[in-house]
Amino acid sequence: MAKEGAPKTEYEANVTTEPKGDNRARYSFVAHFAEVEVDTQTGHVKVTKFVAAHDSGRVMNPLTAESQVKGGAMMGIGMALHEELRYDKRLGLAVNPGYYGARIATHMDAANVEVLFVETDDGLGPFGAKTLGELTIIPTPAAVGNAIFNAIGKRLRDLPITREKILEVLA
């Protein structure tokens, strides 16, 4: 029990996944596009250009927002092409709980990422802003996968899209 005059240490809050906003929605929208070169002899993929268009409401700090998108795009490219988490199908446990042995993308793999912001004013967000964080990563592997499909004509659905998988579908 708190002493009289002491700061309150218990708080109560109500949370909902369906916030009310006078029929207004606060969603961010993204569209990512990748251009790749695929060496059909070795299976090597190089992302030569990447365009990330984001509607994140009002952009408060353009430099950090652009850096956030570029960093997320690079993480997504790494996810698409290099990073693999393997599971024991019987137990459902990770066999390699970490990316030990996986080739992590470096600055040598960095793609030319062009960032476009479509600024809208979200009346429910702080100063008209909307989210930016995870949306920078989520569509990236799909954009890279679609670019590889367009390059080789074969759809690969399991990440990462490795050299071995490319050579297997081309054989």
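The values are calculated or read from the model by the stated rules, or taken from the named source; none is laboratory data. Predicted, not measured: the structure shown is a model, and the values here were computed from it. Every residue, glycine as well, gets a Cβ built from its backbone with ideal geometry; the counts of neighbours run over all protein chains shown.
Key figures for this structure:
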item: Only listed residue being of a type in the set (Ser, Thr, Tyr), in contact with an Asp or Glu (Cβ under 8 Å, 6 or more places away or on another chain) and more than 21 Å from Gln41 (Cα to Cα), chosen from Thr120, Thr140; result: Thr120
item: Where Thr136 falls short, out of the listed (1) in contact (Cβ under 8 Å) with a residue 24 or more places away in the chain; (2) more than 17 Å from Ala31 (Cβ to Cβ); result: (2)
item: Those residues of the range 24-44 which are of a type in the set (D, E, K, R) and either in a loop (DSSP other than H, G, I, E, B) or under 19 Å from Pro139 (Cβ atoms) (or both), in sequence order; result: Arg24, Arg26, Glu35, Asp39
item: Subset of the range 99-134 [in a helix (DSSP H, G or I) and over 18 Å from Gln68 (Cβ atoms)]; result: Met108, Asp109
item: Tally, over the range 91-119, of residues that are more than 21 Å from the chain's Cα centre (by Cα) and at pLDDT 75 or above; result: 6
item: Tabulated pairs, the range 71-93, first under 15 Å from Ile137 (Cβ atoms), second basic (Lys, Arg) and at pLDDT below 90, C-beta under 8 angstrom, 6+ apart or interchain; result: His82/Arg103
item: Residue among Lys70, Lys130 that alone is at pLDDT 85 or above and over 30 Å from Asp39 (Cβ atoms); result: Lys130
item: Subset of the range 135-152 [part of a helix (DSSP H, G or I), over 12 Å from Gly71 (Cβ atoms) and of a type outside the set (Phe, Trp, Tyr)]; result: Leu135, Pro141, Ala142, Ala143, Val144, Gly145, Asn146, Ala147, Ile148, Asn150, Ala151, Ile152
item: Residue that is farthest from the chain's Cα centre (by Cα) [pool: residues in the range 153-171 that are part of a helix (DSSP H, G or I) and of a type outside the set (D, E, K, R)]; result: Leu170
item: Residues of the range 32-51 satisfying the condition of being buried (at least 16 other Cβ atoms within 10 Å of the Cβ) and of a type in the set (Asp, Glu); result: Glu35
item: Among (1) assigned to a loop (DSSP other than H, G, I, E, B); (2) in contact (Cβ under 8 Å) with a residue 60 or more places away in the chain, the one test that Val47 misses; result: (1)
item: Residue list for the range 52-96, restricted to those being of a type in the set (Val, Ile, Thr) and either assigned to a loop (DSSP other than H, G, I, E, B) or crowded, with 18+ Cβ neighbours inside 10 Å (or both); result: Val59, Val69, Ile77, Val95
item: Residue in the range 59-81 that is in contact with a helix residue (DSSP H, G or I) (Cβ under 6 Å, 6 or more places away or on another chain) and charged (D, E, K, R) present; result: no
item: Selection from the range 133-170 of residues that are in contact with a Phe, Trp or Tyr (Cβ under 8 Å, 6 or more places away or on another chain) and at pLDDT below 95; result: none
